[in-house]
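Below is one structure, written out as structure tokens, with a few remarks after it.
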Amino acid sequence: MKITQTPLADCFVIEPQIFGDSRGSFMETYNEQKFPAEVHFVQDNQSISQKGVLRGLHFQTGIYAQAKLVRVIRGEVLDVAVDIRPESKTFGQHFSIILNEENNKQLFVPRGFAHGFAVLQDNTIFAYKCDNFYNKEAESGIIYNDPDIAIDWRLDDEEMILSDKDKLLPNLKSLLL
């Protein structure tokens, strides 16, 4: 397993070693010994989405904050993490990466980050681990097209499919007021 630090503090890319033969392939997708001691995953989630679906940018607040380990089982997404920790030197910056079934890369998104993804292929299966349980009252987010973050989602506006809730999220600046 290769772990590479991204330009955002505490956020990293994981590339599993894949072993293949005539029967197929095998890879280790998670190993607790290779993650920071403070990370203990308690919940796994999965979504299936069509091309153009944009989910995010989401996060949990306060004691319900979540770290996530995200990956694609089938299809392809542009995955995005945004550092929203006011004390961080990379506050307001984002990192994006293509995750797909061919590269098998994963992204570790620490607590204090907003997270989202744009689906680039139909029938994409997106899976992720969380280190804290979901709490509806702690749910929050940032609008996907916040000009101060300036994410290139690799989709045209008319292609994007968003939930009504995601269309109404505030920008990052308004969350700081």
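For the range 62-81, a residue qualifies if it is surrounded by 14 or more Cβ atoms within 10 Å (Cβ to Cβ) and under 24 Å from LEU175 (Cβ atoms), and the qualifying residues are TYR64, ALA65, GLN66, ALA67, LYS68, VAL70, LEU78, ASP79, VAL80, ALA81. Among the residues of the range 1-28, those identified as outside any strand (DSSP E or B), of a type outside the set (Asp, Glu) and surrounded by 12 or more Cβ atoms within 10 Å (Cβ to Cβ) are MET1, THR6, LEU8, ALA9, CYS11, PRO16.
Give the range 29-77 a look and list any residue that's part of a loop (DSSP other than H, G, I, E, B), under 10 Å from LYS129 (Cβ atoms) and β-branched (Val, Ile, Thr), or say none. Hits for the range 29-77 are THR29, VAL39, VAL42. The residue that is surrounded by the fewest Cβ atoms within 10 Å (Cβ to Cβ), among those in the range 163-177 that are in a helix (DSSP H, G or I) and not small (Gly, Ala, Ser), is ASP164. Residues that are of a type in the set (D, E, K, R) and in contact with a strand residue (DSSP E or B) (Cβ under 8 Å, 6 or more places away or on another chain) within the range 147-164 comprise ASP152, ARG154, listed in sequence order.
Test LEU99 against the stated conditions and say whether it is surrounded by 12 or more Cβ atoms within 10 Å (Cβ to Cβ), part of a strand (DSSP E or B), among the hydrophobic types (A, V, I, L, M, F, W, C) and free of Cβ contacts under 8 Å to residues at least 40 places away in the same chain.
On the way: surrounded by 12 or more Cβ atoms within 10 Å (Cβ to Cβ): yes; part of a strand (DSSP E or B): yes; among the hydrophobic types (A, V, I, L, M, F, W, C): yes; free of Cβ contacts under 8 Å to residues at least 40 places away in the same chain: yes.
When the stated conditions are applied, LEU99 passes them.
Residues of the range 128-146 that are without any contact (Cβ under 8 Å) to a residue 12 or more places away in the chain and either within 23 Å of GLY92 (Cβ to Cβ) or crowded, with 19+ Cβ neighbours inside 10 Å (or both): ASN145 alone.
Return the residue satisfying two criteria in turn: it lies in the range 151-162 and is in contact (Cβ under 8 Å) with a residue 40 or more places away in the chain and not in a helix (DSSP H, G or I), and of such residues it is surrounded by the fewest Cβ atoms within 10 Å (Cβ to Cβ). My answer is ASP152. A single member of GLY62, GLY56, GLY52 is touching an Asp or Glu at 6+ places or on another chain (Cβ under 6 Å) and within 29 Å of ASP148 (Cβ to Cβ), and it is GLY52.
Under the condition of being touching a Phe, Trp or Tyr at 6+ places or on another chain (Cβ under 8 Å), of a type in the set (A, V, I, L, M, F, W, C) and at pLDDT below 95, the residues counted in the range 1-11 number 1.
Report yes if some residue within the range 118-129 is within 17 Å of ASN145 (Cβ to Cβ) and at pLDDT 95 or above; otherwise report no. Yes, the conditions are met somewhere in the range 118-129. Against the condition touching a residue at least 60 places away in the same chain (Cβ under 8 Å), surrounded by fewer than 20 Cβ atoms within 10 Å (Cβ to Cβ) and under 22 Å from GLN66 (Cα atoms), how does ILE125 come out, does it pass? So ILE125 passes the test.
The values are calculated or read from the model by the stated rules, or taken from the named source; none is laboratory data. Computed from a predicted model, the values in this text were never measured in an experiment. Neighbour counts are summed over all protein chains in view; Cβ atoms, including those assigned to glycine, are modelled from backbone coordinates with ideal geometry.
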